[in-house]
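A.B. asks: Quick one: the structure is below, questions incoming.
FYI, it's all coordinate maths here, none of it is from the lab. Here the structure is a predicted model, which means the values were calculated and not measured. Ideal geometry is used to build each Cβ from the backbone, glycine not excepted, and the neighbour counts take in all protein chains shown.
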Amino acid sequence: MKNRFAALLLAVGLFNQLHSLCLETYEPVLPALKVAEPASPLGVVPIAQQTGYSDGQATVAMAINCLTGKNLDENDIDKKYGYELLSALREECASAGLNWQDGGEIGPDKWEMIEHKILNEKLPVVLALNGPEFSVDPRRGHIVLVCGLEGDKVTYADPATGTLRTTTRSNINNALQHPQGNFIFYADRELDIR
């Protein structure tokens, strides 16, 4: 009886160690809280990240594909740029006449610019944020592509789920800090001066 109990305890212990290892290696996918309409705003096609650390590369690939017609994935971005996301956006979108900028930290004062980019210029915006709605692991944070606005509702392509999701501006404003800050990347159209 004692041997069976010891064997059971050993099996449970091994299972828990294996489970912990899997959680450290593979980031679980966030459940879709609310999926947006099937029509993808701005023509963004969501891409699901393949590893727990590739949300930034997947988001950048979505933005580039939407704006240039390319068919990149997170591996293409990782091989050429690693985690230099702004460099990837700048280089890959230059031929489309777009120059990507670092917009600083997200906050209530940034929404006028974000609205203009999305609603008037029809350009998606990259956001980095954190917290339970956006990231399954607060040590990592999460990077998404905002592609739609309607009143307080914000639609974004989420690489954690490979879907479009919605949230509110206040949820984004109040999101916990991404390890590199809650940054915004946006594109400017280059003027053709001749």
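A.B. asks: Can you list the aspartates and glutamates whose alpha carbon is less than 20 Å from that of Lys70, not counting same-chain residues fewer than 8 positions off?
C.D. replies: Asp55, Asp78, Glu84, Glu91, Glu92, Glu121, Asp158, Asp188, Glu190
A.B. asks: With 10 angstrom as the radius, rank Ser40, Ser54, Ser95 by how many other C-beta atoms surround their C-beta, starting from the fewest. Walk me through the numbers before you get to the answer.
C.D. replies: Working: Ser40 16, Ser54 23, Ser95 9.
Going from least to most buried by this count: Ser95, Ser40, Ser54.
A.B. asks: May I pose another question? Can you list residues whose amide H is under 5 Å from Leu149's amide H, if they're 5+ apart or on another chain and H is modeled 1.01 Å from N?
C.D. replies: Those qualifying (amide H under 5 Å, at least 5 residues apart or on another chain) are Thr155.
A.B. asks: How big is the stretch 78-120 by the Kirkwood estimate over distinct Cα pairs, in Å?
C.D. replies: Numbers: mean 1/r = 0.0829 Å⁻¹.
It works out to 12.1 Å.
A.B. asks: Could you please rank Asp73, Asp109, Asp55, placing first whichever residue has the fewest other Cβ atoms within 10 Å of its Cβ? Mind showing how you got there, number by number?
C.D. replies: Working: Asp73 17, Asp109 10, Asp55 24.
Final ranking by Cβ density, sparse to dense: Asp109, Asp73, Asp55.
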